[in-house]
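J.: I'd like to ask some things about the structure below.
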């Protein structure tokens, strides 16, 4: 699919001053074909920064102030985080695609980085748990200090799968209409697979999902028993494909904004209109994914974080579109790094958004390793009550924000 005129050009500043995001300090700029410096989109980085603050607070608090989500059951506030990161990931991919800054090699490199970090974290947690359980290193006996039971799972591995799927979709879709069509097709495929699974074995659970059906079917054909670790790994891949849907939604949103910015007049109204249109599209697709099974007498497709089902991820994508519709015209004068007078208030959060992988990855690794220790210091701290946990979460979030501001003002790049 080729570029359309509406999404291959973005006009200069209209109705506001142009100030490069993080100009000379932490902001990433590249020269455009017309000679103008192209900076990062401040509202996008600021949205990522706010999400990072909430995520590191949640990860750092030993005793969560709100109930956590269950993989196959109740949905909590934490269920918003990973799909929201996927939406922002898709937005960043679409901006790089529009500016011709992306390539197959970069997609592969980012996928491998996330996959390697996820596997290293899983291996470290397995070794810590093995040491706590007294498992020795004895290759002849099949004991590797806990590594023999490593779980290939976790949010970083899921995001790696989502990045790979997003890169594939990016070879087919390069415009607002192309990405909207890709989101619709991905919803139909993902929801269809889940409808089929629930039709075969009942309600979605750890015993009834596309992953368990595939692993169990292969194991039965080979005359073996399904390994729970293999089932967990395949479930992680399926969950990563589930996160590709909100990522594609983020790409569609950015291309909608690019189309809105492609004409000189009434840009603010067009931005709001296209943002609401994208939100409506994702909301309708989510409702269809949820209720369609009732047509043939099945239960509605329930939201589940274990697989990141379309009703959940599309709801998050629709909400993200509404927030972007409000934030983008309020903070950005264009999609080339220019900001309005409100941009100065968004800059601290934008600075944190630029080190999102470092902040979230480090905090996630620390909590994962501490929880693997027996007895767990996380559980011991949680017994102190809600207030100490909330204070600790706020302190960790404030430290990351301070580090991001220091790096932004000193011009240092803090990226893994």
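The values are calculated or read from the model by the stated rules, or taken from the named source; none is laboratory data. What you see is a predicted model; the values in this text were computed from it and never measured. A quick note on method: Cβ atoms are made from the backbone with ideal geometry, for glycine too, and the neighbour counts reach across all protein chains shown.
J.: Test residue 110 against the criterion of being farther than 30 Å from residue 208 by Cβ, modelled with pLDDT of 80 or more and in a loop (DSSP other than H, G, I, E, B), and give yes or no.
T.: Spelling it out, it is not the case that residue 110 is farther than 30 Å from residue 208 by Cβ, modelled with pLDDT of 80 or more and in a loop (DSSP other than H, G, I, E, B).
J.: While we're here: Test of understanding: among 330, 356, which residue is touching a residue at least 12 places away in the same chain (Cβ under 8 Å), surrounded by fewer than 22 Cβ atoms within 10 Å (Cβ to Cβ), closer than 14 Å to residue 46 by Cα and within 25 Å of the chain's Cα centre (by Cα)?
T.: 330 is the lone residue from the list that is touching a residue at least 12 places away in the same chain (Cβ under 8 Å), surrounded by fewer than 22 Cβ atoms within 10 Å (Cβ to Cβ), closer than 14 Å to residue 46 by Cα and within 25 Å of the chain's Cα centre (by Cα).
J.: Please determine whether any residue of region 54-62 is in a loop (DSSP other than H, G, I, E, B), more than 23 Å from residue 251 (Cβ to Cβ), at pLDDT 50 or above and more than 20 Å from the chain's Cα centre (by Cα).
T.: yes
J.: Surrounded by fewer than 21 Cβ atoms within 10 Å (Cβ to Cβ), closer than 30 Å to residue 115 by Cβ and more than 24 Å from the chain's Cα centre (by Cα): is that true of residue 372 in this structure?
T.: Judged against the criteria, residue 372 is a match.
J.: So residue 78 clears everything in (1) modelled with pLDDT under 90; (2) surrounded by 18 or more Cβ atoms within 10 Å (Cβ to Cβ); (3) not in a loop (DSSP other than H, G, I, E, B) except one condition, right? Which one?
T.: Against the list (1) modelled with pLDDT under 90; (2) surrounded by 18 or more Cβ atoms within 10 Å (Cβ to Cβ); (3) not in a loop (DSSP other than H, G, I, E, B), residue 78 comes up short only on (2).
J.: Then there's this: Test residue 413 against the criterion of being under 26 Å from residue 115 (Cα atoms) and surrounded by fewer than 16 Cβ atoms within 10 Å (Cβ to Cβ), and give yes or no.
T.: Here the answer is yes, as residue 413 does meet what is asked.
J.: So is residue 135 surrounded by 15 or more Cβ atoms within 10 Å (Cβ to Cβ), farther than 19 Å from residue 247 by Cβ and either modelled with pLDDT of 85 or more or touching a strand residue (DSSP E or B) at 6+ places or on another chain (Cβ under 7 Å) (or both) or not?
T.: yes
J.: Among what's in region 268-321 and is more than 23 Å from the chain's Cα centre (by Cα) and closer than 30 Å to residue 154 by Cβ, pick the residue that is surrounded by the fewest Cβ atoms within 10 Å (Cβ to Cβ).
T.: 299
J.: Still on this structure, I have one more. Determine, yes or no, whether residue 239 is in contact (Cβ under 8 Å) with a residue 40 or more places away in the chain, in contact with a helix residue (DSSP H, G or I) (Cβ under 6 Å, 6 or more places away or on another chain) and not in a helix (DSSP H, G or I).
T.: Here the answer is no, as residue 239 does not meet what is asked.
J.: When residues of region 146-178 are filtered for being at pLDDT below 75 and buried (at least 17 other Cβ atoms within 10 Å of the Cβ), how many remain?
T.: Qualifying residue count, region 146-178: 1.
J.: In region 263-297, how many are touching a helix residue (DSSP H, G or I) at 6+ places or on another chain (Cβ under 6 Å) and not in a helix (DSSP H, G or I)?
T.: The number of residues fulfilling the criteria is 0.
J.: Quick one: in region 204-225, which of the residues that are out of contact with any helix residue (DSSP H, G or I) (no Cβ under 8 Å at 6 or more places or on another chain) and surrounded by fewer than 13 Cβ atoms within 10 Å (Cβ to Cβ) is nearest to residue 307 (Cα to Cα)?
T.: 217
J.: Condition test on residue 188, is it modelled with pLDDT of 90 or more, assigned to a helix (DSSP H, G or I) and surrounded by 21 or more Cβ atoms within 10 Å (Cβ to Cβ)?
T.: No.
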